[in-house]
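Taking it in order: structure first as structure tokens, then the write-up.
The values are calculated or read from the model by the stated rules, or taken from the named source; none is laboratory data. Nothing here was measured: the structure is a model prediction, and the numbers come from that model. In this analysis, Cβ positions are derived from the backbone assuming ideal geometry, glycine residues included, and neighbour counts consider all displayed protein chains. The protein model used for the area step is the full one, side chains on, heavy atoms only, and it has no ligands, DNA or RNA in it. Shrake-Rupley method; radii C 1.70, N 1.55, O 1.52, S 1.80 Å.
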Amino acid sequence: MPAQLIKLFIQATSSVVGSVDVTTDTTVTPDVTRYYATVIAGNLLTTDTSIPATQFVDDNGNAVTTFPTLDAESYYNVYINSVLQQDGLTTLSNSTLTVNGALLTVGVPVVVEFADFSSTTSTSTADLANLQVDTTIET
């Protein structure tokens, strides 16, 4: 009879007891910017009011060239005559704010507020000090 490899048969059983404590620290630091403009006659189209970004100024009175680019971590609000407008009433591109289906009155103030949450961070730390694993090996 030729030689054969003899393998040791081992069965292991483990039990886990205790708890895992998880601590999560979240830092939310929104970047909020506001832009201000006043409606002029040239903004009034046939059915919409269209205001170019270049007509707006920022919180410091500096001229604006373009609006921020929106992504999944940001949003904007529009205030017309100090009243927050419903979502869907406006269309925003990097170069223009359009109030759809509404001709505003010349001289009405318009504020566009941008909130960007892309710098939000969240870190979780697990404490395994209360966790115990017992393993029994049977041969």
- Message: Probe radius 1.4 Å, ligands and nucleic acids ignored: give me the carbon and sulfur share of the accessible area of the chain as a rounded percent.
- Response: 54 percent
- Please turn the phi angles of region 11-22 into ³J(HN,Hα) values with the Karplus equation 6.51 cos²θ - 1.76 cosθ + 1.60 (θ = phi - 60°), one per residue in order, whole Hz, x for glycine and proline. 10, 10, 10, 10, 10, 10, 9, x, 9, 10, 9, 10
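How big is the charge dipole of the chain about its Cα centre, in debye rounded to the nearest 20, if each Lys and Arg gets +1 on its Cβ and each Asp and Glu gets -1 on its Cβ?
Computed charge dipole of the chain: roughly 320 debye.
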- Please give the length that would be gained between Val17 and Leu45 if that part of the chain were fully extended, namely 0.36 nm times their separation in residues minus their C-alpha to C-alpha distance (nm, one decimal). 3.0 nm
- Message: For Cα pairs less than 8 Å apart in space and 6+ apart in sequence, what is the mean separation divided by the residue count of the chain, i.e. the relative contact order in percent?
- Response: 44 percent
- What list of ³J(HN,Hα) values in whole Hz, one per residue of region 30-43 in order, does the Karplus curve 6.51 cos²θ - 1.76 cosθ + 1.60 (θ = phi - 60°) give from phi, with Gly and Pro shown as x? x, 9, 10, 10, 10, 10, 10, 8, 10, 5, 10, 4, x, 7
- Message: Using a Debye calculation, one point per C-alpha and no hydration shell, please list log10 I(q)/I(0) for the chain at q = 0.20 Å⁻¹ in order.
- Response: -1.16
- region 1-82 pair-distance distribution - Cα-Cα, 5 Å bins, rounded %: 3, 8, 12, 13, 10, 7, 4, 3, 4, 4, 4, 4, 4, 4, 4, 4, 3, 3, 2, 1, 0
- Contour minus Cα-Cα span, Leu89 to Ala3, at 0.36 nm per residue, comes to 22.5 nm
- To the nearest Å², the heavy-atom accessible area per residue of the chain with 1.4 Å probe amounts to 69 Å²
- Would you kindly calculate the translational diffusion coefficient of region 100-139, applying Stokes-Einstein with the Kirkwood radius from alpha carbon pairs, for 20 °C and a viscosity of 1.002 mPa s, and quote it in µm² s⁻¹ without decimals? 118 µm²/s
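Could you work out the local net charge near Tyr76, counting Lys and Arg as +1, Asp and Glu as -1, over the other residues with Cβ closer than 12 Å to its Cβ?
Residues close to Tyr76 contribute a combined charge of -3.
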